[in-house]
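Heads up, the thing below is written out as C-alpha cells.
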Amino acid sequence: MSRNWWKECIFYQVYPKSFQDSNGDGKGDLRGIIKRLDYLAWLGIKGLWLSPIFRSPMVDNGYDVSDYYSVDPIFGDNDDLDELIAEAGKRGIRIILDLVVNHCSNKHPWFQRACADPLSEERGYFIIRKKDQLTNWRSNFGGSVWSPMPGSPDDYYMHVFAKEQPDLNWENPLLRHKIYRMINYWLDKGIAGFRIDAITYLKKDQAFPILPPDGHDGLVAVTKAANNQPGIEVFLKEMREETFDRHPGCVTVAEASDVPFNQLPEYSGPDGFFSMIFEFSYQDPYVDPVHPEWFRPKSWDVEEYKQKIQDAQVQQQKLGVWSPTHLENHDSPRALTRLMANKQVGGVSADSQMRRRQATMLAAMYFFLRGTPFIYQGQELGMSNSTLTKIEQFNDIMTRDQYQEAIQQGLDPQDAFDKVAFRSRDNSRTPMQWNKGKNAGFSPSEPWLPVNSDFQMINVQEESDDKKSVLSFYRAMIGLRSNPIYCKTLVYGTSKPAYADKTNVIAYDRSYNGQIIRVVCNFQYGQSHLGKTSGLSDGDILMTNLGRENLNGDVILGPFEALVVLLKQAA
C-alpha cells in the first residue's frame with residue numbers, strides 16, 4: 001500500500017453557511033472559517049472540505065451552481081477564498097472544494113442562453129427531449145425528472161435532482177472540456193483537490209427507456225437509468241487525465257453511491273478515477289437507497305450494521321482500494337440520534353454522562369477503521385438532531401418535498417412531521433455550537449436555521465476545558481492516529497473482525513509488521529462479557545471512554561464502552 005498524505009490526514013467537513021458568521025447577517029462565511037482555523041489546527045485537522053461556496057441561488061444550498069468561478073456573496077468573495085487557502089496553509093491545513101458537475105443551476109448563463117436560443121451552442125450542454133419522448137423516471141427529490149424548457153413549450157429538460165438543477169449533457173465534448181478548464185483553474189489556484197458530488201449520475205441510459213414503476217406515482221427511481229451506467233468510465237477516465245493527473249498530489253473524494261464492490265478498483269484503486277470514494281453501504285442503516293419514500297422507517301439491527309462494516313473493510317483491502325471513513329455529512333441526520341434511536345440499542349440517553357459514552361463509542365468505532373477519517377462539523381462535540389418543531393422551520397428542499405409526499409400517502413400531519421424531521425438533512429446543518437452565549441456564538445443575529453436547544457451544554461468552549469468531553473476524546477483519537485509509534489498500524493495496517501460471535505459488540509484488529517491494535521465497542525446499554533481468553537487481558541490500554549485503568553482477568557465491557565488496546569505481539 002503506497003503512502004499518501006491524504007491517507008494519513010484527518011479531514012474536517014465545514015458547511016460554510018452554518019460554521020461561523022463574521023459579518024452579522026445570520027449566515028456563515030469564509031471569513032468566519034478563517035477566524036476558526038486555530039480551532040481546527042488545535043484539534044489536529046490537516047484537511048478541510050468546504051461544502052459549496054460558488055455563486056448560487058441556494059435552492060439546494062449551493063449544490064445549484066450559477067457561476068463556477070466566483071464565490072457567492074453570502075460567503076464573501078474570491079479574495080476571501082485566497083486568504084483562506086493561504087491562512088490554512090500556514091497552519092498545515094489543505095483545502096478541498098465541493099465540485100458539482102452533474103448539474104448546474106437554471107440561473108447559470110449556459111442554461112439561460114440555452115433557453116433564449118434553441119440554436120445556441122449551450123443548448124447542447126443540457127439533456128432536452130420532446131414531450132412525446134419523455135420517460136417515466138422519478139427525480140431524487142420527487143416528481144418527474146422532466147420539466148418544460150422555458151421559451152420552448154414542446155421541449156423538456158432533464159434534472160436528476162430539483163427542477164432548478166438541470167443536468168449537464170456529458171455526451172457533449174464541448175461541455176466536458178469547459179468543465180475540465182474550470183477544474184484546472186481551481187487546482188492552479190492552490191487548492192488540494194475536490195470532493196466530487198453525485199458523480200455516478202453523469203452517464204444516462206441513451207435509449208431513454210420506459211421502465212416498470214416502483215411507486216404509487218407511476219414513476220421509477222432515476223437511479224435505474226442514470227446511475228452507474230455503462231460508459232461512465234469513459235467520462236471519468238478522461239476527466240482524470242485532463243485535470244487531476246496534471247496536478248500531482250491532489251486528492252479527489254467522490255460521492256459515488258451504489259458502486260458494487262467488484263467495480264471499486266476502477267474508481268479508487270491505484271489507477272482509479274479518484275483517490276477514494278465514500279463508502280455508503282453502512283453509513284445510514286435507516287436508508288433504503290432504492291425506496292422513493294425515505295420518510296418510511298426501515299428496521300435494522302446492530303448485527304446487520306456490523307456485518308456491513310466488516311464486509312466493506314474486507315472487500316476494500318482485498319481489492320486494494322481506499323475509502324474515507326465517516327459517521328456524518330451534510331446530507332444525513334446526526335449519527336448520535338440516528339444510530340442510537342434503534343429500539344434494540346435503546347435510544348439516546350437523557351443522562352449526560354451516558355450520552356457522552358454513546359457519542360465516544362460511536363467515534364472510536366468508525367475512526368480507527370481502515371481508511372481516511374472524515375469529521376463533520378459538530379460531530380466532535382456530540383451534536384444531535386435539531387430541535388425544530390414545525391415544517392416551516394426546515395430549509396431543506398428534500399425535507400419539504402418528503403413531508404408533502406407523506407401527507408399524500410395518508411399520514412396525519414404530526415406523524416409525517418415526526419418522520420421527516422428525524423431523517424431531514426437540516427439536522428446536520430444547524431449552526432455550529434461554539435459557546436453558551438447568544439446563538440451559541442455562531443452569529444449576533446438570528447441564524448438562517450435555529451440553533452439546537454442543547455447548545456449551552458454542548459459547545460466548544462465548555463468541552464475544550466473538560467478532559468472527559470466528547471471533544472477531548474476526538475482530539476485524543478486524532479493524536480493517537482498521528483502518533484509515530486502507532487500511525488503505520490492505524491493508517492496502513494490490515495483490518496480484521498474480532499469477537500464476531502459477541503452480539504452487539506463491534507470490534508476489529510488493525511495489524512502492521514507484528515503490531516496489533518484492537519478496537520472494541522459495546523453497542524448497547526447492557527454489559528458484554530468478553531472472557532479471560534479474549535486476548536485483551538495482557539494488552540495496554542491506548543484509549544478508553546470509561547476511564548478504565550486495567551484489563552486484568554475476565555474483561556466485561558460496560559454500557560457503550562469503547563477500548564483501543566495495544567495487544568502483545570503474540571496475540
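For beta carbons closer than 8 Å, sequence separation of 6+ or different chains, a first residue in segment 1-27 that is in a loop (DSSP other than H, G, I, E, B) and a second that is acidic (D, E) and surrounded by 23 or more Cβ atoms within 10 Å (Cβ to Cβ), the qualifying pairs are Q20/D29; D21/D29; S22/D29; N23/D29; K27/D21. The number of residues in segment 334-359 that are in contact with a Lys or Arg (Cβ under 9 Å, 6 or more places away or on another chain) and either at pLDDT below 90 or assigned to a helix (DSSP H, G or I) (or both) comes to 5. Of the listed requirements (1) assigned to a loop (DSSP other than H, G, I, E, B); (2) surrounded by fewer than 19 Cβ atoms within 10 Å (Cβ to Cβ); (3) in contact with a Lys or Arg (Cβ under 8 Å, 6 or more places away or on another chain), D82 misses just one: (1). Taking strands (runs of 3 or more DSSP E) that do not extend beyond segment 88-175, which have at least 3 residues that are within 26 Å of the chain's Cα centre (by Cα), modelled with pLDDT of 95 or more and within 23 Å of V59 (Cβ to Cβ)? Correct list: 94-100.
May I ask you to say which residue of P444, P484, P497, P450 is closer than 20 Å to Y376 by Cβ and either surrounded by fewer than 21 Cβ atoms within 10 Å (Cβ to Cβ) or not hydrophobic (A, V, I, L, M, F, W, C) (or both)?
P450 is the lone residue from the list that is closer than 20 Å to Y376 by Cβ and either surrounded by fewer than 21 Cβ atoms within 10 Å (Cβ to Cβ) or not hydrophobic (A, V, I, L, M, F, W, C) (or both).
Just one of the numbered conditions (1) free of Cβ contacts under 8 Å to residues at least 24 places away in the same chain; (2) open to solvent by 10 Å² or more (accessible area, probe 1.4 Å); (3) touching a Gly at 6+ places or on another chain (Cβ under 7 Å) is not true of R400: (3). List the number of the failed condition for F235; all other conditions in (1) in contact with a strand residue (DSSP E or B) (Cβ under 8 Å, 6 or more places away or on another chain); (2) of a type in the set (F, W, Y); (3) within 25 Å of F280 (Cβ to Cβ); (4) assigned to a helix (DSSP H, G or I) hold. The one condition F235 does not meet is (1).
Per the listing Y180, Y185, the residue uniquely surrounded by fewer than 16 Cβ atoms within 10 Å (Cβ to Cβ) and assigned to a helix (DSSP H, G or I) is Y185.
Considering segment 309-333 alone, what residues qualify as being more than 23 Å from Y492 (Cβ to Cβ) and part of a helix (DSSP H, G or I)? Correct list: empty. Of note, N439 satisfies the criterion of being assigned to a helix (DSSP H, G or I), more than 30 Å from Q316 (Cα to Cα) and at pLDDT 95 or above.
Restricting F244, F295 to residues that are crowded, with 19+ Cβ neighbours inside 10 Å, of a type in the set (A, V, I, L, M, F, W, C) and more than 21 Å from the chain's Cα centre (by Cα) narrows the list to F244.
Kindly check whether there is at least one residue in segment 191-202 that is in a loop (DSSP other than H, G, I, E, B), small (G, A, S) and open to solvent by 30 Å² or more (accessible area, probe 1.4 Å). There is no residue in segment 191-202 that is in a loop (DSSP other than H, G, I, E, B), small (G, A, S) and open to solvent by 30 Å² or more (accessible area, probe 1.4 Å). Which number in (1) open to solvent by 80 Å² or more (accessible area, probe 1.4 Å); (2) touching a helix residue (DSSP H, G or I) at 6+ places or on another chain (Cβ under 7 Å) marks the one condition that G142 misses? Result: G142 passes all but (1). Scanning segment 456-511 for residues that are within 27 Å of S323 (Cβ to Cβ) and part of a loop (DSSP other than H, G, I, E, B) yields a count of 11. Between G249, G272, the distinction of being open to solvent by 30 Å² or more (accessible area, probe 1.4 Å) and either under 24 Å from M158 (Cβ atoms) or part of a loop (DSSP other than H, G, I, E, B) (or both) belongs to G249 only. Would segment 365-380 turn up any residue that is more than 29 Å from V565 (Cβ to Cβ), open to solvent by 10 Å² or more (accessible area, probe 1.4 Å) and not charged (D, E, K, R)? For segment 365-380, residues more than 29 Å from V565 (Cβ to Cβ), open to solvent by 10 Å² or more (accessible area, probe 1.4 Å) and not charged (D, E, K, R): absent. Only residues that are in a strand (DSSP E or B) and modelled with pLDDT of 85 or more were counted across segment 526-560, and they come to 11. In summary, G347 fulfils each of the numbered conditions (1) open to solvent by less than 20 Å² (accessible area, probe 1.4 Å); (2) closer than 30 Å to P16 by Cβ; (3) without any contact (Cβ under 8 Å) to a residue 40 or more places away in the chain with the single exception of condition (2).
The values are calculated or read from the model by the stated rules, or taken from the named source; none is laboratory data. Worth saying up front: this structure is predicted, and the values here are computed from it rather than measured. Neighbour counts are summed over all protein chains in view; Cβ atoms, including those assigned to glycine, are modelled from backbone coordinates with ideal geometry. The protein model used for the area step is the full one, side chains on, heavy atoms only, and it has no ligands, DNA or RNA in it. Shrake-Rupley method; radii C 1.70, N 1.55, O 1.52, S 1.80 Å.
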